[in-house]
Amino acid sequence: MTTSSATPGAAPAGADRSFLFVLASSRSDGNTEILARAAAAQLPADVPQQWVDLSGLPLPDFQDGRHESDGWTAGELEEELRQATLRATDVVIASPLYWYTLSAQAKRYLDYWSGWLSVPGSDFTQRMAGGTLWGVTVMADPDEARADGLVTTLNHTAAYLRMDFGGVLLGNGSRPGQVRDDDRAMIRAKDFFQRPAPLTRIDGPAQP
């Protein structure tokens, strides 16, 4: 992990924000990371940014022990990731579009959230409420509707935890670096994190 340095629906002031960028691609320096960094570059200098590359973290697949008496003992890397998630006011999941949804790395990260919700004495739900969840994705298909499944997943995740949802920054590209040629995506990146992020909701009972 590396670090550098409201009212509902409105982004907190610069000094009150802290961003966690979760890179969830199997390729380093890929198009989704390029687009995420382009958006992050527009944040004020006094807003802390932490970047975590999930492909470099040897996390095992999540094992659901929520209904077992022994529970789940977090390893050191998992606990570091949990604490980084809790420290952030804004969590950005940067995942390429794989088979119309999140990458396996991003899905594993969210699976771990299920465990963090049920740790005895956990305040994960309370501390995540009021934060903001964002997404960044780049896809080969120019039809942005192909990303609806990914957008829905992140929207419902935010709603379940009573987080605001800032939406998903979409880009187009396949070959390494190709997203730089997507003028529309690069323009969107300039003010993406300044956009209002409304509180989301799911009608009826919801369980991740």
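No value in this document is a laboratory result; all are computed from the given coordinates. Everything quoted here is computed from the prediction, not taken from an experiment. No Cβ is skipped: glycine too gets one built from the backbone with ideal geometry, and neighbour counts run over all protein chains shown.
What ranking of TYR100, TYR109, TYR160 emerges when the number of other C-beta atoms within 10 Å of each C-beta is taken as an exposure proxy, fewest first?
On the way: TYR100 13, TYR109 23, TYR160 18.
Placing the least packed residue first, the sequence is TYR100, TYR160, TYR109.
Once amide H atoms are placed 1.01 Å from N in the peptide plane, what residues at a sequence separation of 5 or more from VAL136, or on another chain, have their amide H within under 5 Å of its amide H?
Amide H neighbours of VAL136, under 5 Å, 5+ apart: ILE93, ALA94, SER95, LEU169.
How long is the gain from ASP46 to ASP181 if the chain were fully straight, where each residue apart is worth 0.36 nm and the alpha carbon distance is subtracted?
45.7 nm
Extension gain VAL119-ARG162, at 0.36 nm per residue separation less the Cα-Cα distance, in nm?
Values: separation 43, 0.36 × 43 = 15.48 nm, distance 1.87 nm.
The VAL119-ARG162 span can extend by a further 13.6 nm.
With θ taken as phi - 60° and the coefficients 6.51, -1.76 and 1.60, list the Karplus ³J(HN,Hα) couplings across the range 41-51 in order, rounded to whole Hz; mark glycine and proline as x.
Running phi through 6.51 cos²θ - 1.76 cosθ + 1.60 with θ = phi - 60° gives 5, 8, 6, x, 5, 8, 8, x, 10, 10, 10 Hz.
For ALA104 and LYS190, what is the calculated FRET efficiency with R₀ set at 45 Å and r taken between the beta-carbons, to the nearest 0.05?
Numbers: r = 30 Å, r/R0 = 0.68.
Given R0 = 45 Å and the Cβ-Cβ separation, E is 0.90.
Given H placed 1.01 Å from N in the peptide plane, which residues other than close sequence neighbours of THR101 have an amide H under 5 Å from its amide H?
Hits under the 5 Å cutoff: none.
Taking H as built 1.01 Å from N, whose amide H comes closer than 5 Å to the amide H of GLN50, not counting residues under 5 places away?
Amide H to amide H, under 5 Å and 5 or more residues apart or across chains, GLN50 pairs with SER4, PHE19, LEU20, PHE21.
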